[in-house]
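To keep things clear, I will list the structure first and then write my remarks on it.
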Amino acid sequence: MSEQPKNPLHGITLEKIVIQLAEHYGWEELGARINIRCFQSDPSVKSSLKFLRKTPWARTKVEELYINTLSNL
C-alpha cells in the first residue's frame, strides 16, 4: 500500500467514522445533519454500515461531516 499523508481518511475505517460521529453528535443530531433514514429510524452502527457501503453519495456525506468535525475540534 502506498502512503497517503494528505488524505485525512487514510487508515480510518467506515465503522470507526460512524461510531465516532454517533458518539460525538448522537443519532438524533446525526440524522438531522445528514438526512438519511439509517440515522433517523431505529439507527445502529450495523444498519448504517450496510447502507453506507451500498450508497456512495451517502458515504461521501458522512466522510465530509467527519472531516469537518475533525477540523473544528
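The values are calculated or read from the model by the stated rules, or taken from the named source; none is laboratory data. Being a predicted model, the structure only gives us computed values, none of them experimental. Cβ placement follows ideal geometry from the backbone for every residue including glycine, while neighbour counts extend to all protein chains displayed. Keep in mind that these areas ignore ligands, DNA and RNA; they rest on the heavy atoms of the full protein, side chains included. Shrake-Rupley method; radii C 1.70, N 1.55, O 1.52, S 1.80 Å.
The string of couplings for the range 51-66 from the Karplus curve (6.51, -1.76, 1.60, θ = phi - 60°) is 5, 5, 5, 9, 10, x, 5, 6, 4, 4, 4, 5, 5, 5, 4, 4 Hz, one whole number per residue in order, with x for Gly and Pro.
Structural descriptor for the chain: relative contact order 31 percent, calculated from alpha carbon pairs under 8 angstrom and at least 6 residues apart. If you count Lys pairs in the chain whose Cα atoms are under 16 Å apart, skipping same-chain pairs closer than 8 places in sequence, the total is 5. Entry comment: accessible area of the chain is 72 Å² per residue, from protein heavy atoms only and a probe of 1.4 Å. A simple spin-label model places pseudo-atoms 7 Å from Cα toward Cβ; at residue 23 and residue 44 they are separated by 2.0 nm.
Atom-type composition of the exposed protein surface of the chain places 49 percent of the accessible area on carbon and sulfur (1.4 angstrom probe).
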